[in-house]
Structures are given as C-alpha cells and as structure tokens.
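Read through the structure below, which is laid out as structure tokens, and then see the notes.
The values are calculated or read from the model by the stated rules, or taken from the named source; none is laboratory data. This is a predicted model, so every value here is computed, not measured. Quick reminder, even Gly has a Cβ in these numbers, built from the backbone with ideal geometry, and neighbours come from all protein chains shown.
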Amino acid sequence: MTAMLLPLADFIKPSIEYGELLPLFIVFGAAAVGVLVEAFVPRPLRHLVQLTITVVAVIAAGVRTGMLMHGKKEIIAAQGAISVDGPALFTWIILLALTLISVLLFAERSIDGGLSAFAGQAAAVPGSEAEREGTAARIEHTEIFPLTLFAVGGMMLFAASNDLLILFVALEVFSLPLYLLCGLARRRRLISQEAAMKYFLLGAFSSAFLLFGIALLYGYAGTMSLGGIADALGTQTSGDTILLAGTGLLGVGMLFKVGAVPFHSWTPDVYQGAPTPVTGFMAACTKIAAFVGLMRVFYVGLGGSRWDWAPMMWIIAILTMVVGSIVAITQTDVKRMLAYSSIAHAGFLLTAFVGLAQAGNGVHNGITSTQAVLFYLVSYGFPTIGAFAVVTLVRDAGGEATHLSRWAGLGKKSPLLAGIFAFFLLSFAGIPLTAGFTGKWAVFSAAWTGGAWPLVVVAVLSSLVAAFFYIRVIVLMFFSDLPADAPDVALPGWQTTSAVALGLAATVVLGLVPGPVLDLAARAGEFIR
C-alpha cells in the first residue's frame, strides 16, 4: 500500500492562471449554463433567458479581455498550453465583438412572420407533419445560443493555443457546434442539411490530417509545445522527412478552416446552405480564429523551418487569390458569390503571412505583418456580417431571395438597403475611404516590404478581377429595371437593424480613421512562447 501511495506524494498541482483565462471560463461557463436552461426552463421563457445569458457572457468576457489588454500582461498560462499574449487578446476582443453582432441576428424574429431563421425541431424530417406542427406551435431552437458560445469559446482557445493537443481540442470544440448550426435552417431544410453533412464529412477528413500531422511533429520533437518544437528545430540534426510530412499535414488541416485553395470546396456549399446569420458568423469569426492560429503555429513553432514551408504557402496563396476571384464571376447566387469572395480574401491574407515568413518577425516601414493581418481581419469581419445581415432582408414567398436576378432593381425599391449593401461590396473590393482599402493596403505593404512582391502583384491583379463582380452587383441593383415580381424588402427588427448599423459604422470608421485600430494591433505585438 505504501508503495502504491508514493507516486501521489510526488504529484505537483498544476498552476492555472484563472485571472488571465477568465474570458474563456466566462464563455464556456455560460455555454454550460445554457445547456441547463434547455433542460429546466419552460419553453416559452427559453429564448429570452438564453439571449440574456449569451449577451451578458459575451460582454463580460469582452470587458475582462479589455482589462487584460490594458494591463499588458503576457504569459504562457495553463502549464504552457495557452498563450495569453497581445495577438491572442486582440483576437479575443474582436471575436467577442463580432459574436455579439451575430447573436443579434440569431435572435431576430420579426422578419419571417415572428419566427427565427432556425428550424423548430432539427430532428423533424423536412416537409413532414412533425415539422408543420412545430412551425404552427412556433417552437424555436434556442439551443443555438449555447452552441454559439461553445463555438466562440473554441475559437478563442484555438487562437491562443500554445500546444498542438490543445489546438486540436479547440478545433473540435468550435467545429462541432458549427456543423450543427449549419443544418438548422427553417427554410430550405434539405440544402441546409446537405451543407451540414458536407461540412461535417470534409471537416472530419481535415481533422484527421491535422491529427496525423501533430503525431508526426511529436515524433520529431518529442513534445507538443510550440516552444519545444521551435527548440527542437534548432538542435535536431535528423528527422527532416518526419518534420516536412508533419508540417504539410498540419497545414492541410489548418488551411481547410481558412478556406484556402485547394481545401476550399466546402465553403460555397456551406455558405449557401447554412442559415444566413450562421453564414455571417462563420465567415467572419472562423476566419479570424483560423488565421491567428495558423500564424501562431507556423511563426512560433515552425518558424525555424520557414524556408521549407514558405514555398507551399506561396503556391497556396496564389491559387487562393486567383481561384476565388475568377470563380466568383460565374456565381449567380449572392451567398455563393460572397463565399468565393471570402476565399479570395483568404489569399490576400496569406500574402502578408508569406511576407513575414520571408523576413521573420520584425518591423517593416512601421508595420509588421502580424499587425497587418490583425487589422485586415477586423476590416473584413464587420462588413462581412453586415453584408449577410442585408441578405436576410431581401425575401420572397420562399424565404430569402439569394439568386442575383432577384436583386435587379433593388436600388429603386429600397435605395437605403441597396446603398448599404453596395458600400459593403465596395469595401470588399478595396475602394478608398472604406475599411477594405486600408486593410488591403496594410497587408500588401507588409508583404512587399517582406520581400513577397510577386505575391502582391498577383494580389493587385486579383483585386481588379474581384472588383468586377462586386461592381456587377451594384450595377444590377441600381441600373436594372425593377421586375414585376420583385422580392420584398422585409422590415427588420431592432436586432438586424443594430447588426447592419454596427457593421456599416465600423466599415466607415475603419476606412476614414484607421489609426486607433492600427495602433491597437501594433501594441498587440508579436507572438510569445
């Protein structure tokens, strides 16, 4: 018995920095409370209770994150597993802000006859009597709120992961709720379920690649810590084949979440089929978390081998920009067009990523590539959610009218709504005085000074191609005749109005006065290990 107890005497209690990790605990704790609400709160009260819990949790986590940013305390928390540094905190505050806007869209019920965009019963077969009964009884899927909290908590953890095992756990924590959310559309149930199935199957494949890559890197370095892998790169003299294979497989898993070519095939189908509020949430927040996680892994853990993986990123960046911009021209659905636009923007972000990989961590002409990417993610996130919020308002008898032909003459029917959507499109195109112009200038400048000028040339040409399909939609809205069967423009509730207004305000401010956010991104500094 004594011999069996001896190992317990040597056990060292792990040190958990609860204060620094409080934003994560708030979000995950509120998500767990939301699950209990589904079990114990009467159905008529669930929507209000879940919405209140979600909004309070997001705001509280945001306030605590702001306090941590103000204190400028950077540590490796949870026994080296989580980096609470400048880029992580910056990412947290942006994710929480965009989540708050997304939750407003989730809560909207006045657009579609007093019902939300989500199915009343996910298990009901589309077109069945059970589905009709659920709609008649006005049953709502309030589980979307704790699912959203789990998703954003996983995204926050993913962006701050300093350990590959934690990275994988975070990936699954935010991916699984998204798979569910994609299949919960009230309208067009079959295409929504198809989108969820495609996302789940392809996501499972990408997770397998990621996990295999993690195993190989562990075999090379003997540790899953990013700092430990970086140290092994400086001391190991053998095992290059395992290192290269692990890096490639890890890259496949992470680039899938970014939506980079050739790992992008899920993006248009999922964006089109998912409930539009979920599409906006995914398009903005998932890309932010995935890119920051990608930078952390490849800069901190694999920075010593950047000359090995940089050529791969060059090729992927070029393919992503070219394919995203050209294929978007052929799209006839607004949501699919915005999906390929998202792919093209991933390529623009990869230009700055490659620029820093070429030059290493450093300042070039007053701006770092990390700063440029962080600012671009902000300038892309707000107009993205705003654009998808506008999409929810153009409707006919079948729900949202997303075919481009249905948007003809929208400027004559609703000049304000068409003008707001046009402004978001101009921001995506990178027109001056919009957030998109400042974001593109930042990433292109960082890439150019980092030595990746050929990528910048491709990016500028791709931007010109992309501008064509953005302007095509604007011309369609304002210079086409209004058809007799034109769709209606729904009168939004305060939730959607607030989401559109916040997205528009951020797009204008970031275009006219980008200095404060650029300075905030600069103060975020570089990744620590």
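Details
- From the list Ser175, Ser102, Ser110, the one residue that fits, being surrounded by fewer than 21 Cβ atoms within 10 Å (Cβ to Cβ) and either out of contact with any Cys (no Cβ under 6 Å at 6 or more places or on another chain) or not in a helix (DSSP H, G or I) (or both), is Ser110.
- Identity of the residue in region 264-281, buried (at least 24 other Cβ atoms within 10 Å of the Cβ) and among the aromatic types (Phe, Trp, Tyr), that ends up nearest to Met313 (Cα to Cα): Tyr271
- The single condition among (1) within 30 Å of Ala401 (Cα to Cα); (2) assigned to a helix (DSSP H, G or I) that Ile139 does not satisfy is (2).
- Met477, sole failed condition from (1) assigned to a helix (DSSP H, G or I); (2) more than 21 Å from the chain's Cα centre (by Cα); (3) without any contact (Cβ under 8 Å) to a residue 60 or more places away in the chain: (3)
- Just one of the listed residues (Ser427, Ser498, Ser462, Ser445) is among the polar types (S, T, N, Q) and modelled with pLDDT under 90, namely Ser445.
- Test result for Ser238, in contact with a Ser or Thr (Cβ under 9 Å, 6 or more places away or on another chain) and hydroxyl-bearing (Ser, Thr, Tyr): no
- For region 503-512, the set of residues classified as among the aliphatic types (A, V, I, L, M), over 14 Å from Leu417 (Cα atoms) and crowded, with 19+ Cβ neighbours inside 10 Å consists of Ala506, Leu510, listed by residue number.
- Scanning region 398-424 for residues that are of a type in the set (A, V, I, L, M) and modelled with pLDDT of 90 or more returns Leu416, Leu417, Ala418, Ile420, Ala422.
- Identification of helices (runs of 4 or more DSSP H) wholly contained in region 406-466 with 3 or more residues that are in contact (Cβ under 8 Å) with a residue 60 or more places away in the chain and hydroxyl-bearing (Ser, Thr, Tyr) yields 435-449.
- Selection status of Ala215, surrounded by fewer than 24 Cβ atoms within 10 Å (Cβ to Cβ), farther than 15 Å from Cys285 by Cα, in contact (Cβ under 8 Å) with a residue 12 or more places away in the chain and of a type in the set (A, V, I, L, M): yes
- Which listed residue is under 16 Å from Leu167 (Cα atoms) and either modelled with pLDDT under 90 or assigned to a loop (DSSP other than H, G, I, E, B) (or both), from Thr247, Thr286, Thr241, Thr223: Thr223
- Given (1) modelled with pLDDT under 90; (2) assigned to a helix (DSSP H, G or I); (3) out of contact with any helix residue (DSSP H, G or I) (no Cβ under 7 Å at 6 or more places or on another chain), number of the condition Val63 does not satisfy: (1)
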